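Chemist: Here it is: the structure, laid out below.
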Amino acid sequence: MSNVTVIGTQWGDEGKGKIVDWLASRADIVVRFQGGHNAGHTLVVGEQVYKLSLLPSGLVRGKIGVIGNGVVVDPKALMTEIDRVTAQGLVVTPETLWIAENAPLILPVHGALDRAREAARGEHKIGTTGRGIGPAYEDKVARRAIRICDLAEPETLDWKLDELLLHHNTLLAGLGAETFTKEQLKDFLTEITPRLLPFSCQVWDRLDEARRAGRRILFEGAQAVMLDVDHGTYPFVTSSNTVAAVAASGSGVSPSSVGFVLGIAKAYTTRVGEGPFPTELHDQTGRTLGERGHEFGTVTGRPRRCGWFDAVLIRRAVRVGGVSGIALTKLDVLDGLDEISICVGYELDGQKIETFPSAPGAQSRVKPVYETMPGWKETTAGARSWAELPAQAIKYVRRIEELIEAPVTLLSTSPERDDTILMRDPFED
Ligand code: GDP
Ligand code: IMO
Ligand code: MG
C-alpha cells in the first residue's frame with residue numbers, strides 16, 4: 001500500500017481533477033503542493049459540476065483537503081471558492097481543510113504586475129492567467145513574500161509591507177500601471193485575516209501524524225510537466241515546478257512519501273496560452289477535437305489549442321516526472337475519426353532529432369514525424385470496462401504504451417466520475 005501522486009504530463013487540463021476525484025475514494029487526505037488558482041479542475045458527479053481552482057479535489061468526496069506550503073494562496077479567491085462549493089453542499093471547515101501557515105499569499109499587487117507585464121510584452125507575451133502566480137513565486141524566492149503566519153503578527157506585517165511596496169510600486173510605476181498604498185494592502189489583509197487564519201496550521205506535522213497512523217495520502221498536482229519552470233517550454237511555462245518530486249517539498253513530507261506517480265495524459269494534446277506546440281493542428285481536425293472535447297480553459301475561458309498525441313514529449317515527461325503509470329483521458333473524443341496520428345519523432349531544420357530541444361527558437365521550429373493508425377467507428381464514450389472498448393481503440397492505447405515506455409493503468413471515457421476503467425490500482429502498487 002502506498003501513497004499516490006498525480007501530475008499532468010502535457011500542458012495542463014489533462015483531466016487531473018476527474019482522476020483525483022475518482023482516486024480520492026481510496027485515500028484519506030488529498031494534498032495540493034504547488035501552483036495556485038491558475039489551476040482549474042472540473043469534476044462531474046451526476047448532475048453536479050464542481051469547478052475547483054485552489055481547493056483540493058478530494059473535498060468533493062468528503063476527504064481532508066490540504067493546501068501545502070508550495071502553493072501560492074490568493075485569500076480572496078480561496079474564500080470565494082469556499083463559498084461557492086459550500087453552496088453546492090460541500091463541507092469546508094478548519095477540520096476538513098488544512099492550509100500551511102508557511103504558504104505565501106498572492107496579493108492584489110501580484111495580479112496587477114502580472115497583467116501589466118503581459119501587456120508590456122506584446123507579441124512575446126506568455127499568455128498567463130493574469131492571476132499573479134509568477135510575481136507571487138518571485139516574491140517567495142526573493143524573501144519578501146507575506147506568508148499566512150505573518151497575518152498573526154501586525155509588527156512583522158508592517159515592515160514587510162514597506163519592503164514589498166518599495167519593490168512593486170517601482171515596477172508598476174515603470175510599467176505605467178497604478179501603484180498601491182500601504183493602507184490598501186492593510187485593508188485587504190485585515191478583511192481576510194479572520195476567515196483565513198483558522199484554517200492555517202503546521203501541515204507538515206499533521207501529515208507526519210497521518211503517515212504514522214497509516215493514512216493514505218493522494219498528492220494532487222496542478223499544471224503539468226511541459227509547464228514546469230525547469231523542464232517545460234521555458235519561458236512559456238508557469239512559475240512552479242510541477243513534477244512529482246515537489247509533492248514532498250511542497251507539503252513538508254519525506255521524498256519517499258510520494259509513492260506511485262500517476263501521470264495524466266489526454267489521448268490527444270491541448271495547450272492554453274502561448275508557446276511552442278509541435279503537433280498543433282490548425283485544420284478542421286483540430287477544430288473537431290476542440291469542439292468534441294469542449295476545449296475551453298476552465299479558468300480563463302480561452303479556447304484551447306488542439307493537436308495530436310505527442311509520444312516524444314510524454315516519454316520525456318515520464319522520465320523527468322518519475323511517472324510509474326499513465327491515466328489516459330478523453331479517449332472518447334477520438335471516436336469516429338477515420339485516422340489518428342501519433343507523433344513518434346521530430347525533425348529540426350531537416351535533421352531527425354530524438355528529443356525535444358530546450359531553446360525557444362528551436363522548439364518552435366520542430367516538425368513532428370507522425371505514425372498514422374486507422375480510427376474506430378464504435379463509441380468508447382461511457383465505457384467502464386476494457387471489454388467494452390473497440391479493438392482499434394485498444395491498439396491505440398497499446399501503441400501509446402510502447403512509445404512512451406510506461407503502462408496505461410487507468411482510462412477515462414467521459415467527464416463523469418464513474419466512466420473510468422481501472423487496469424491497476426495505484427494505491428496497491
Ligand atoms: P485538469 O486541469 O487536468 O483537472 O483538467 P480540466 O478539468 O481543466 O479539463 C479537463 C476537462 O475534460 C474537464 O472539462 C473534464 O470534465 C473533462 N474530462 C475529463 N476526463 C474526460 C474524459 O475522459 N472524456 C471527456 N469527454 N471529457 C473529460
Ligand atoms: P491546470 O491545473 C493549463 C498556463 C497559462 C500560461 C502559463 C503561465 O488546470 O492544468 P501562469 O498564470 O501560471 O503564470 O500562466 O501556464 N497555465 C495552465 N494551462 N492548465 C493549467 O492548470 C494552467 N495553469 C497555468 O495558460 O500559458
Ligand atoms: Mg485545468
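Chemist: Given the criteria of a type in the set (Gly, Ala, Ser) and more than 20 Å from the chain's Cα centre (by Cα), does Gly127 qualify? Walk me through how you get there before you give the answer.
Modeler: On the way: of a type in the set (Gly, Ala, Ser): yes; more than 20 Å from the chain's Cα centre (by Cα): no.
So Gly127 fails the test.
Chemist: Does the stretch 275-299 hold any residues that are within 16 Å of ligand 1 (Cβ to nearest atom), open to solvent by 20 Å² or more (accessible area, probe 1.4 Å) and not in a helix (DSSP H, G or I), and which are they?
Modeler: His294, Phe296, Thr298, Val299
Chemist: Can you name the residue in the stretch 346-384 that is open to solvent by less than 20 Å² (accessible area, probe 1.4 Å) and modelled with pLDDT of 95 or more and, of all such residues, is nearest to Ile400 (Cα to Cα)?
Modeler: Start the filter on the stretch 346-384 by keeping residues that are open to solvent by less than 20 Å² (accessible area, probe 1.4 Å), which leaves 346, 356, 362-363, 366, 375-376, 380, 383.
Among the residues that remain, those that are also modelled with pLDDT of 95 or more are: 346, 362-363, 366, 375-376, 380, 383.
Numbers: Tyr346: 16, Ala362: 25, Gln363: 23, Val366: 21, Gly375: 14, Trp376: 16, Thr380: 17, Ala383: 19 Å.
Out of the qualifying residues, it is Gly375.
Chemist: Same structure, new question: Given Thr86, Thr80, Thr93, Thr9, which one is free of Cβ contacts under 8 Å to residues at least 12 places away in the same chain and under 29 Å from Ser254 (Cβ atoms)?
Modeler: Working: Thr86 fails: under 29 Å from Ser254 (Cβ atoms); Thr80 fails: under 29 Å from Ser254 (Cβ atoms); Thr9 fails: free of Cβ contacts under 8 Å to residues at least 12 places away in the same chain.
Testing whether each residue is free of Cβ contacts under 8 Å to residues at least 12 places away in the same chain and under 29 Å from Ser254 (Cβ atoms) leaves just Thr93.
Chemist: Just to check your reading of the model, which residue among Arg195, Arg131, Arg212 is closer than 27 Å to Ile7 by Cβ and away from ligand 2 (no atom under 16 Å from the Cβ)?
Modeler: Numbers: Arg195 fails: closer than 27 Å to Ile7 by Cβ; Arg131 fails: away from ligand 2 (no atom under 16 Å from the Cβ).
Being closer than 27 Å to Ile7 by Cβ and away from ligand 2 (no atom under 16 Å from the Cβ) holds for just one of Arg195, Arg131, Arg212, which is Arg212.
Chemist: How about the stretch 18-31: which of its residues are in contact with a Phe, Trp or Tyr (Cβ under 8 Å, 6 or more places away or on another chain) and either assigned to a loop (DSSP other than H, G, I, E, B) or closer than 23 Å to Phe236 by Cβ (or both)?
Modeler: Of everything in the stretch 18-31, just one residue is in contact with a Phe, Trp or Tyr (Cβ under 8 Å, 6 or more places away or on another chain) and either assigned to a loop (DSSP other than H, G, I, E, B) or closer than 23 Å to Phe236 by Cβ (or both), namely Ala27.
Chemist: Separate question: Any idea which of (1) more than 30 Å from Arg26 (Cβ to Cβ); (2) open to solvent by 20 Å² or more (accessible area, probe 1.4 Å) is the one Asp139 doesn't satisfy?
Modeler: Of (1) more than 30 Å from Arg26 (Cβ to Cβ); (2) open to solvent by 20 Å² or more (accessible area, probe 1.4 Å), only one is false for Asp139: (2).
Chemist: Can I ask one more? Can you tell me which of (1) in contact (Cβ under 8 Å) with a residue 60 or more places away in the chain; (2) over 15 Å from Leu197 (Cβ atoms) is the one Trp98 doesn't meet?
Modeler: Against the list (1) in contact (Cβ under 8 Å) with a residue 60 or more places away in the chain; (2) over 15 Å from Leu197 (Cβ atoms), Trp98 comes up short only on (2).
Chemist: Any residue at all in the stretch 305-320 that is surrounded by fewer than 20 Cβ atoms within 10 Å (Cβ to Cβ), at pLDDT 95 or above and not charged (D, E, K, R)?
Modeler: yes
Chemist: Just the residues that are of a type in the set (Asp, Glu) and within 18 Å of Trp308 (Cα to Cα), please, taken from the stretch 336-353. Spell out the reasoning first.
Modeler: First, pick out the residues of the stretch 336-353 that are of a type in the set (Asp, Glu): 338-339, 347, 349.
Across the stretch 336-353, the qualifying residues are Asp338, Glu339, Glu347.
Chemist: Residue check: is Ser251 of a type in the set (Gly, Ala, Ser) and surrounded by 24 or more Cβ atoms within 10 Å (Cβ to Cβ)? Talk me through it step by step, then tell me what you get.
Modeler: Details: of a type in the set (Gly, Ala, Ser): yes; surrounded by 24 or more Cβ atoms within 10 Å (Cβ to Cβ): yes.
It is true that Ser251 is of a type in the set (Gly, Ala, Ser) and surrounded by 24 or more Cβ atoms within 10 Å (Cβ to Cβ).
Chemist: If you scan the stretch 277-332, which residues turn out to be within 16 Å of ligand 3 (Cβ to nearest atom), out of contact with any helix residue (DSSP H, G or I) (no Cβ under 6 Å at 6 or more places or on another chain) and within 28 Å of Arg384 (Cβ to Cβ)?
Modeler: Gly290, His294, Glu295, Phe296, Thr298, Arg304, Thr329, Lys330
Chemist: Can I ask one more? Any idea how many residues of the stretch 209-254 are aliphatic (A, V, I, L, M), farther than 20 Å from Lys125 by Cα, assigned to a loop (DSSP other than H, G, I, E, B) and touching a helix residue (DSSP H, G or I) at 6+ places or on another chain (Cβ under 8 Å)?
Modeler: Total satisfying the criteria: 5.
Chemist: Condition (residue is touching a residue at least 12 places away in the same chain (Cβ under 8 Å), open to solvent by 50 Å² or more (accessible area, probe 1.4 Å) and in contact with a strand residue (DSSP E or B) (Cβ under 6 Å, 6 or more places away or on another chain)) applied to the stretch 332-341: is it met by at least one residue?
Modeler: Among the residues of the stretch 332-341, at least one is touching a residue at least 12 places away in the same chain (Cβ under 8 Å), open to solvent by 50 Å² or more (accessible area, probe 1.4 Å) and in contact with a strand residue (DSSP E or B) (Cβ under 6 Å, 6 or more places away or on another chain), which makes the answer yes.
Chemist: Does at least one position in the stretch 160-174 carry a residue that is basic (Lys, Arg), in a helix (DSSP H, G or I) and at pLDDT 95 or above?
Modeler: Within the stretch 160-174, one or more residues are basic (Lys, Arg), in a helix (DSSP H, G or I) and at pLDDT 95 or above.
Chemist: Right, another one. For the stretch 56-94, give me each residue that is among the aliphatic types (A, V, I, L, M), buried (at least 17 other Cβ atoms within 10 Å of the Cβ) and out of contact with any Lys or Arg (no Cβ under 8 Å at 6 or more places or on another chain).
Modeler: Leu59, Val60, Ile64, Val73, Leu78, Ile82, Val85, Leu90, Val92
Chemist: From the list Gly62, Gly68, Gly40, pick out the single residue that is within 27 Å of Arg271 (Cβ to Cβ), touching a residue at least 12 places away in the same chain (Cβ under 8 Å) and away from ligand 3 (no atom under 16 Å from the Cβ). So that I can check it myself, show each step before the final result.
Modeler: Details: Gly62 fails: within 27 Å of Arg271 (Cβ to Cβ); Gly40 fails: away from ligand 3 (no atom under 16 Å from the Cβ).
After ruling out the rest, the residue left standing is Gly68.
Chemist: When you check Gly263 against the structure, is it on the phi > 0 side of the Ramachandran plot, within 14 Å of ligand 2 (Cβ to nearest atom) and either at pLDDT 95 or above or among the β-branched types (Val, Ile, Thr) (or both), yes or no?
Modeler: Numbers: on the phi > 0 side of the Ramachandran plot: no; within 14 Å of ligand 2 (Cβ to nearest atom): yes; either at pLDDT 95 or above or among the β-branched types (Val, Ile, Thr) (or both): yes.
The answer is no for Gly263.
Chemist: Here's a follow-up. Which condition number does Arg302 fail, the rest of (1) charged (D, E, K, R); (2) surrounded by fewer than 17 Cβ atoms within 10 Å (Cβ to Cβ); (3) more than 16 Å from ligand 2 (Cβ to nearest atom) being met?
Modeler: (3)
Chemist: Also: Consider only pairs whose beta carbons are under 6 Å apart and that are at least six residues apart or on different chains; among these, list those whose first residue lies in the stretch 400-429 and is in contact (Cβ under 8 Å) with a residue 12 or more places away in the chain and whose second residue is open to solvent by 40 Å² or more (accessible area, probe 1.4 Å) and acidic (Asp, Glu).
Modeler: Listed by first residue and then by second, the contacts come to nothing, as the list is empty.
Chemist: Can you pull out every residue in the stretch 115-136 that is on the phi < 0 side of the Ramachandran plot, crowded, with 21+ Cβ neighbours inside 10 Å and away from ligand 3 (no atom under 16 Å from the Cβ)? Spell out how you get there, then give the answer.
Modeler: Let us first name the residues in the stretch 115-136 that are on the phi < 0 side of the Ramachandran plot, namely 115-121, 123-126, 128-129, 131, 133-136.
The next check asks that each one be crowded, with 21+ Cβ neighbours inside 10 Å; those that pass are 128-129, 131, 133-136.
Gly134, Pro135, Ala136, listed by residue number.
The values are calculated or read from the model by the stated rules, or taken from the named source; none is laboratory data. Worth saying up front: this structure is predicted, and the values here are computed from it rather than measured. Using ideal geometry, Cβ is built from the backbone for each residue, glycine included, and neighbour counts are taken over all protein chains shown. Quick note on the areas: whole protein, heavy atoms, side chains included, nothing else; ligands and nucleic acids left out. Shrake-Rupley method; radii C 1.70, N 1.55, O 1.52, S 1.80 Å.
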